[in-house]
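Colleague: What follows is a structure written as structure tokens; I'll ask about it next.
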Amino acid sequence: MNSENVYDIIVIGMGPASSIFLKELNANRYKTICIDKKALNGEGFNKPCGGLLAPDAQKKLAELNLSLPLDVLVDPQIFSVKARDIETNIERFYQRFYLNMDRSLFDKWLISKISNEIKLIDKAVVTTINKINDYYEVCYILDEKEYNIKGRILVGGDGSKSLVRKKFFGNIPIRQYVCIQEWYQSEKKSSNYMTIFDKEITNSYGWLNYKGEQEIFGAAFPMSDSKDRFEKLKAKMIDEGHEFGELNDREICQVSCPSSVNELCYGGNGAFLIGEAAGFVSPSSLEGISYAMDSGHLLAKVFNDDKVNIKYYSKLLKPLRKKLFIKILKNKILYTPIIRKWIMLSNISTIKVIK
């Protein structure tokens, strides 16, 4: 194989985890390539996402000395969450400090922070990954042509359906859900982001949010009958008087939702996992951006400290693992219907909205 196609690090996926890893990596020390199926200009990005930047993610941007550009934000900005439990007909408002943003523009902005010394390949589909002796061999297709590259280190930042995890660490399963989200034309404006609970349809939750002239409605469901469950939830919203506008788009994806820290996987044998590929997603809210940036930053430290091994990476991840453990406990509480009902009826931390 041509030496030009041999790298120190091959990164699969170019989401927030990989972008922060590559931004923080000392690019002068490592010959690095990153491959992703979506376009660098943001086209083809279709992951269902409420597009809200949580406080933990905002904090991480501050720690990285990154200021969010104005054009990433969208109108309206969100100051509260309206929690709606359909079964009990209970509705409560809670103050929250999210930033309403365009998710594809956010990803594009993070990618722009990556050093020019790192080779980025977009609109490419990775077909096979194999470990041969001391190297990982990756085959990908770009513009109907097949390419083969080799690397000493492999980094999987390729999300819930991670090919890297499936290929080399498939013996560590993780709970999965299906997210479905639809975009509708709408002239409505709202100062709150709506969360929807209905135990008959899903043991996760649904969401309703506004972005510019559009309304997004989505939910996460168990893997079976997800499309039927989505239509049932939408029908219930319509029965309650909600009017959806003209349908503009529909997005479907698989999302990791860990039920135990034992479902986390960091890698091994020269391969590392970051972000959702490692299992770092809050099971209570499905928020993953803060975990992605945290794990990407910590993996960069592994390389920059010249301690490239799983033991050191696992040590650095200890606070993140603890944070996720707390979210798992919160998930068990929040999604137990009788406890959720008690919490909502108690009015703890609620705000009174003047209508």
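Taken together, the values in this text are just the output of simple stated rules run on the coordinates, not laboratory data. Because the structure is predicted, anything quoted here is derived from the model rather than measured. Methodologically, a virtual Cβ is constructed for each residue, glycine included, from the backbone with ideal geometry; neighbour enumeration extends over all protein chains shown.
Colleague: Would you kindly calculate the mean projected area, averaged across all directions, of the convex hull enclosing the Cα atoms of the range 180-225, in square nanometres?
Modeller: 3.4 nm²
Colleague: Let me ask another. By the scheme Lys and Arg +1, Asp and Glu -1, what is the net charge of all other residues having a beta-carbon under 13 Å from that of Val155? Before the final figure, lay out the partial values.
Modeller: Values: positive: Arg152, Arg165; negative: Asp8, Glu24, Asp36, Asp158.
Cβ neighbours under 13 Å give a net charge of -2.
Colleague: Additional query: What is the antiparallel percent of DSSP beta bridges lying wholly in the chain, to the nearest 5? Provide the component values of the computation, followed by the final result.
Modeller: Working: 53 of 75 bridges.
Given both bridge residues lie in the chain, the antiparallel proportion sits at roughly 70 percent.
Colleague: Taking N as the number of residues in the range 57-177, what value does Rg over Cα atoms divided by 2.2 N^0.38 Å take?
Modeller: The reported ratio for this selection is 1.51.
Colleague: By counting other Cβ atoms within 10 Å of each Cβ, how are Phe221, Phe97 ranked from fewest to most?
Modeller: Details: Phe221 22, Phe97 12.
The fewest-first ordering by Cβ neighbours comes to Phe97, Phe221.
Colleague: Ok, one more. From the backbone phi of the range 206-212, what are the Karplus-calculated ³J(HN,Hα) couplings (6.51 cos²θ - 1.76 cosθ + 1.60, θ = phi - 60°) in whole Hz, Gly and Pro given as x?
Modeller: Karplus-based 3J(HN,Hα) across the range 206-212 equals x, 9, 9, 8, 10, 9, x Hz.
Colleague: Quote the FRET efficiency, to the nearest 0.05, computed for Lys131 versus Asn309 with a Förster distance R0 of 25 Å and r equal to the Cβ-Cβ distance.
Modeller: Numbers: r = 17 Å, r/R0 = 0.66.
E between Lys131 and Asn309, to the nearest 0.05, is 0.90.
Colleague: Please check: in the Gaussian network model of the chain (C-alpha springs, under 10 Å), which one of Asp71, Asp249, Asp239 has the largest mean-square fluctuation.
Modeller: Taking springs between Cα atoms under 10 Å, the residue moving most is Asp239.
Colleague: Choose one answer from Cys257, Cys34, Cys139: the residue with the largest mean-square fluctuation in a GNM of the chain with alpha-carbon springs under 10 Å.
Modeller: Cys139
Colleague: May I have the pair-distance distribution P(r) for the range 1-137, computed from all Cα-Cα distances with 5 Å bins from 0 and rounded to whole percent?
Modeller: P(r) over the range 1-137, rounded to whole percents: 2, 8, 15, 17, 16, 13, 9, 8, 6, 3, 2, 1, 0.
Colleague: Moving to a separate point now. When each pair of different Cα atoms in the range 243-341 is counted once in the 1/r mean, what is the Kirkwood radius in angstroms, to one decimal? Present the calculation step by step, with values, prior to reporting the outcome.
Modeller: Details: mean 1/r = 0.0662 Å⁻¹.
For the range 243-341, inverting the mean 1/r across all distinct Cα pairs yields 15.1 Å.
Colleague: Roughly speaking, what is the centre-to-centre gap between the range 58-101 and the range 281-355 when only Cα atoms are used, to the nearest Å?
Modeller: 16 Å
Colleague: Counting Lys and Arg as +1 and Asp and Glu as -1, each charge on the Cβ, what is the dipole of the chain about the Cα centre in debye, to the nearest 20?
Modeller: Dipole magnitude for the chain comes out near 1460 debye.
Colleague: Could you sort the peptides 20-30, 286-296 by per-residue average Cβ neighbour count (10 Å cutoff), highest mean leading? Working shown, then result.
Modeller: On the way: 20-30: 20.3, 286-296: 26.3.
The packing order, highest mean first, is 286-296, 20-30.
Colleague: Between the range 104-135 and the range 143-189, what's the alpha-carbon centroid distance in Å?
Modeller: One Cα centre to the other: 12 Å.
Colleague: Continuing with the same structure: For the range 165-249, which GluC sites (Glu not before Pro) are in a loop by DSSP, counting at most 12 other Cβ atoms within 10 Å? Mind showing how you got there, number by number?
Modeller: Details: sites: Glu182, Glu187, Glu200, Glu213, Glu215, Glu231, Glu240, Glu243, Glu246; in loops: Glu187, Glu200, Glu213, Glu240, Glu243, Glu246.
Here the sparse-neighbourhood loop sites are Glu187, Glu200, Glu240, Glu243, Glu246.
Colleague: Okay, moving on. Once you wrap a convex hull around the alpha carbon atoms of the range 3-345, what is its projected area averaged over all directions, in nm²? List each step's numbers first, then the result.
Modeller: Values: hull surface 69.7 nm².
Mean projected area for the range 3-345: 17.4 nm², to one decimal.
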